[in-house]
Amino acid sequence: MSQPANPENTNAKSQDLEQNREYGTGEFLTSNQGLRVNDDQNSLKSGERGPTLLEDFLLREKITHFDHERIPERVVHARGVAAHGYFEAYDNASQYSKAHFLQPGVRTPIFTRFSTVAGSRGSTDMARDVRGFAVKFYTQEGVYDFVGNNIPVFFIQDAIKFPDLVHAVKPEPHNEIPQAASAHNTFWDFISVTPEAMHMILWTMSDRAIPRSLRTMEGFNIHTWRLIDAEGKSRFVKFHWKPKQGIKSVMWDEALQISGKDPDFHRRDLWDNIEQGNFPEWELGVQVVEQEDEHKFDFDLLDATKIIPEELVPVTIIGKMVLDRNPDNYFAETEQVAFHPGHVVPGIDFTNDPLLQGRLFSYTDTQLTRLGGPNFHEIPINRSVAPIHNNQRDGHMRQQMNVGKTSYSPNLLNDNTPKQAKQSEGGFSSYEERVDGNKVRARSKSFVDHYSQARLFWNSQADWEKAHIVKALRFELGKVEEESVRKRMLIHLGLVADELAQRVAKGLGLEVPSAEGVQLNYIVGADADVAAHQSKPATGKEGKSAALSIEFSPVNAKKDIKTKMVAVLAADGADAASISALKKALEAGGATAKLVAPHLAMLKVNGGEALRIDFSLQTTASVLFDGVYVAGGEKSVQTLRQQPDAVQFINEAYRHCKPVGAAAEGEALLKAAAYAGAEALPGGPGVSVGNSPKQFIQDLTTGRFWERELSSEPKV
Ligand code: HDD
């Protein structure tokens, strides 16, 4: 068995997967029929220079298998990365739900897949996009799937609009441009006539859509769900994953550059951290609403475009998830894993959210095409650790061999088994909600306020976050070719907040048009006069909610330098003492220093043994690091000053508001890197010079120095 990243991780699912692992080390090469192969390098020919013979069954087997290696990629969330781990319930979880995995101290194996939504399998990790956050729990009562995102709301309220949304955001059908980007005509055309998307748009235009790491984002299950306790009492719930690593993002300019320098940036970061034993952790939180309080809010709990502000219903933490082992095989696990919001266990149930109801159909259906038939639950990564017994039979690639004559129920030939389980025996039974209504195709009036929570989001942001939202909208709408679409978007933004619309309009060179007389909503049967329904005061304390901001979120209250990456710029002749002092200080806080030099291999240093260089200036860039430090040593600094890549390294780190530090002689490089508008270099916020790295470590703890951006660039 391969050594798991966490040697303690030999949980039930890992043991279950062992029967499918294949090592091959030290073995003979065989055909798929087990025949030992004598020559795998030459096909069978009629003479050395003659034609290949049809008889060559080894050639045919190898090529045929290769020809069929690909399966259809996911229609959305195609690009993803996953890891194994466990979920552990805290003592308080069972008061809300009878689910076994939520009973005190129970540890459940899990497999978590993160993804972008719009791009193809080979697209960049750093697209501006929502991130999927899907967790498969292998519980003793069967598989439970949490199929969420890193943003707590969604673009649309009813699943019937999902194909339209996805068609609009995907590359345009005539020329398949652009890849993994929402900055194009069809997306904004659709959004400009879909006011229900405005809350989500504010989130996707914020830095939430360009996370620093998959480890530094929140997760949400969006819909309101039901939790059922041991007495059968139902409560409404919203689920949250709160990252122990904090919430961190990059700037858009960085994201663009990372896409070129390392399109696997997120994938690599997750893999490397797990390999190094930096196991990422999230706590599971719930916002619980009693059944009788269903209608006490000024929004509808069934509307997936709304949050419950944490000021109204606080989040109670009920457990934690740890990711501690990388998959053995990308295709077998990460690609073939099949999630479904309809995979529930006793203690969790659905609500009538029309977005959720439609999803309950879509996820099994899509696997039939993607994984080729109805037996995808038998694929090892999808296989339940709870035993499966039923009368479903056959189909493509069936693995299970059901023994016996009966494949129906009731029966007497097999003692009427497999038998139904009573609730007391763990049988799932749906919550008996009373439903009473006419059969209608309609949208509830309680779903019609599309702007109040978008405004709450805008109001809750720090100045730098607002500036980033404005810049993002200028970028995205700037890529739209139709001015009419830009103008319609300005009308919607104006209904969210006048300041937002004015600032975006300035960048587009437009005036904000009046909303008067404009049909905002194109949904048949919906109230077209959306503007009339958005005058409600924003919910939450003083129209703000700290949890919506990255800057003010309680998740970010504790700051440290754990797992941060620092580039140490040095050339031959660098001062060994300055490098080792910094390395020691970083390692003490759980951060990593990488030595970056003009060339690869060994660095000659003053006062010590040669050091191994991690990257040459050509193979890396400041956008891949959280901070940059210039090693001491006059000769080294002189060499770096002659290197445009080194100057750019500092320049960009400064522009991206990252900590920049230098041992005393390094000041000369900082001066060489100063650019127009960056008068503060050296000196100013987050720039430190001196032989002790103390201030630099302090700055790294702070993270970013947004005041640089706000003061050195024209106000956006
Ligand atoms: Fe979905 C995949 C999350 C609405 C139809 N969805 C998919 C994945 C995530 C989500 C994380 C990737 C799972 C993985 O890693 O394999 N989807 C969401 C969230 C939604 C949402 C949080 C709204 C709250 N989805 C949604 C709707 C529909 C779908 C309304 C269709 C009516 N989603 C799918 C799908 C996918 C999928 C087409 C593609 C691949 C797959 O299911 O397995 O069925």
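The values are calculated or read from the model by the stated rules, or taken from the named source; none is laboratory data. Since we're looking at a predicted model, the values are computed, not measured. Ideal geometry is used to build each Cβ from the backbone, glycine not excepted, and the neighbour counts take in all protein chains shown. Areas reflect the complete protein model, heavy atoms only, side chains present, ligands, DNA and RNA absent. Shrake-Rupley method; radii C 1.70, N 1.55, O 1.52, S 1.80 Å.
Run the accessible area of the chain with a 1.4 Å probe and give the carbon-and-sulfur part as a rounded percent.
Working: 16840 of 33020 Å².
That share works out to 51 percent.
Relative contact order of the stretch 19-161, please, whole-number percent, based on alpha carbon pairs below 8 angstrom and at least 6 residues apart. Numbers along the way, then the final one.
On the way: 190 pairs, mean separation 21.8, N = 143.
After rounding, I find 15 percent.
From the protein chains alone at 1.4 Å, what is the descending order of accessible area for ASP463, ASP293, ASP16, largest first?
ASP463, ASP293, ASP16
Using the Cα centre as the reference, give the magnitude of the dipole from point charges on the C-beta atoms of the stretch 137-255 (Lys, Arg: +1; Asp, Glu: -1; all else neutral), rounded to the nearest 20 debye. Working shown, then result.
Values: 12 positive and 14 negative charges, 115 e Å.
Roughly 560 debye, rounded to the nearest 20.
Shape verdict for the stretch 436-510, please, from the Cα gyration tensor: rounded (a/c under 1.5), prolate (a/b greater than b/c) or oblate. Intermediate results must be reported in sequence, preceding the final value.
On the way: a/c = 3.13, a/b = 1.70, b/c = 1.84.
In terms of gyration-tensor shape, oblate.
Evaluate 2.2 N^0.38 Å with N set to the residue count of the stretch 135-269, then give the Cα radius of gyration divided by it.
It is 1.26.
Counting only C-alpha contacts under 8 Å and six or more residues apart, can you give the relative contact order of the chain as a whole percent?
Details: 1375 pairs, mean separation 83.1, N = 716.
Reported relative contact order: 12 percent.
With a sphere of radius 12 Å drawn around the Cβ of GLN399, what net charge do the other residues whose Cβ falls strictly inside it have (Lys, Arg +1; Asp, Glu -1)? Mind dumping the intermediate values first?
Numbers: positive: ARG383, ARG398; negative: GLU378, ASP394.
Summing Lys and Arg as +1 and Asp and Glu as -1 gives 0.
Give me the tail of P(r) for the stretch 262-357 as a percent: Cα-Cα pairs with distance above 18 Å. Intermediate values should be presented prior to the final figure.
On the way: 3090 of 4560 pairs.
Tail fraction, whole percent: 68.
I'd like to compare 202-210, 265-273, 169-177: which one has the highest average count of other Cβ atoms within 10 Å, and what's the full order after that?
Details: 202-210: 23.8, 265-273: 20.1, 169-177: 12.8.
Going from most to least packed, we get 202-210, 265-273, 169-177.
At 1.4 Å probe size, put THR592, THR351 in order of accessible surface, largest to smallest. Kindly include the intermediate steps, with their values, before the conclusion.
On the way: THR592 45, THR351 5 Å².
The ordering from most to least exposed comes out as THR592, THR351.
If you bin the C-alpha pair distances of the chain every 10 Å from 0, what whole percents do you get?
3, 13, 21, 23, 19, 13, 6, 2, 0, 0
I want the antiparallel fraction of DSSP beta bridges within the chain, as a percent rounded to 5. Mind showing how you got there, number by number?
Details: 59 of 78 bridges.
So the antiparallel bridges in the chain amount to around 75 percent.
Okay, helix-only estimate at 222 nm for the chain: each DSSP H run of n ≥ 4 adds -39500 (n - 2.57), divide by all residues, round to 500 deg cm²/dmol; what do you get?
Details: 18 runs with 184 residues, N = 716.
It comes out at -7500 deg cm²/dmol, rounded to the nearest 500.
Could you tell me which GluC sites (Glu not before Pro) in the stretch 12-86 are loop residues by DSSP with no more than 12 other beta carbons within 10 angstrom of their beta carbon?
Values: sites: GLU18, GLU22, GLU27, GLU48, GLU55, GLU61, GLU69, GLU73; in loops: GLU22, GLU27, GLU48, GLU55, GLU69, GLU73.
Loop-located and lightly packed - GLU22, GLU27, GLU48, GLU55, GLU69.
May I ask you to derive the relative contact order of the stretch 346-459, considering only C-alpha pairs under 8 Å and at least 6 residues apart, and to give it as an integer percent? Present the calculation step by step, with values, prior to reporting the outcome.
Numbers: 51 pairs, mean separation 22.0, N = 114.
Computed value for the stretch 346-459: 19 percent relative contact order.
Set the Förster distance to 22 Å, then compute FRET efficiency between SER430 and THR364 from the Cβ-Cβ distance, nearest 0.05. Provide the component values of the computation, followed by the final result.
Values: r = 17 Å, r/R0 = 0.79.
Taking R0 as 22 Å, the efficiency between SER430 and THR364 is 0.80.
Quick check: Cα centre of the stretch 190-227 to Cα centre of the stretch 306-323, how many Å?
A separation of 16 Å, based on Cα centres.
Per residue, how much accessible area does the chain show when a 1.4 Å probe rolls over the protein heavy atoms, in square angstrom?
Details: 33020 Å² over 716 residues.
Per residue, the chain has 46 Å² of solvent-accessible surface.
The stretch 260-348: which GluC sites (Glu not before Pro) are DSSP loop and have at most 16 other beta-carbon atoms within 10 angstrom?
Values: sites: GLU275, GLU281, GLU283, GLU290, GLU292, GLU294, GLU310, GLU311, GLU333, GLU335; in loops: GLU294, GLU310, GLU311.
Listed in order of number, the matching sites are GLU294, GLU311.
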